[in-house]
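S.K.: Quick one: the structure is below, and I'll ask about it shortly.
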Amino acid sequence: MFNPVNRYILIELPKKPTETNTMVLLPEDYKPEEQRYSEVKVLKAADDVRFELCQNNKIIIDRSMVEQISIGSTNYDVILDNYVIGITE
C-alpha cells in the first residue's frame, strides 16, 4: 500500500459518470467542463498534515492540484494539504 509523506494526502476521486449516446454531435476533442472543486474521500494522510484527518473523511479540494502517481500498473491520486479547502462531515 502507498503511504504518503511530506504533507501529502492519498485520496479517492469520485468516479466519472459513464458516457451515454445522444443525438447531438460534438467535436471529437470536446471535453465537458469540470468543476474546479470536488469532494473526495481520504484514504491515508501523512503524519505531518497540518490538520486532523482520518481515513474515510470527506474533504473539498482544488481538482487542478491533484497529482496522479503511477507505480507499476497502480495509479494513486494525491494532493498536498494546503490545497484542501475544507472537511465535510
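S.K.: Which count do you get for residues in region 67-89 that are in contact (Cβ under 8 Å) with a residue 60 or more places away in the chain and either surrounded by 11 or more Cβ atoms within 10 Å (Cβ to Cβ) or within 12 Å of LEU10 (Cα to Cα) (or both)?
M.R.: 8
S.K.: Separate question: When the residues of region 46-66 are filtered to those that are touching a helix residue (DSSP H, G or I) at 6+ places or on another chain (Cβ under 8 Å) and assigned to a strand (DSSP E or B), which remaining residue is surrounded by the fewest Cβ atoms within 10 Å (Cβ to Cβ)?
M.R.: Result: ASP62.
S.K.: When ASP62 is evaluated against the numbered criteria (1) closer than 19 Å to ASN3 by Cβ; (2) touching a Phe, Trp or Tyr at 6+ places or on another chain (Cβ under 7 Å), which criterion, by number, is the only one it fails?
M.R.: For ASP62, the exception is condition (1).
S.K.: Determine, yes or no, whether PHE2 is in a loop (DSSP other than H, G, I, E, B) and in contact with a helix residue (DSSP H, G or I) (Cβ under 8 Å, 6 or more places away or on another chain).
M.R.: Judged against the criteria, PHE2 is not a match.
S.K.: Taking the condition of being among the aliphatic types (A, V, I, L, M) and either in contact with a Pro (Cβ under 8 Å, 6 or more places away or on another chain) or open to solvent by 40 Å² or more (accessible area, probe 1.4 Å) (or both), how many residues in region 32-42 meet it?
M.R.: Final tally of qualifying residues: 1.
S.K.: Condition first: part of a loop (DSSP other than H, G, I, E, B), in contact (Cβ under 8 Å) with a residue 12 or more places away in the chain and not acidic (Asp, Glu). Now tell me which residues in region 30-45 satisfy that.
M.R.: GLN35, ARG36
The values are calculated or read from the model by the stated rules, or taken from the named source; none is laboratory data. Every value quoted in this text rests on a predicted model; they were computed, and no experiment measured them. All Cβ positions, even for glycine, are placed from backbone atoms using ideal geometry, and neighbour counts span all protein chains on display. For accessibility, only protein heavy atoms count, side chains too; no ligands or nucleic acids. Shrake-Rupley method; radii C 1.70, N 1.55, O 1.52, S 1.80 Å.
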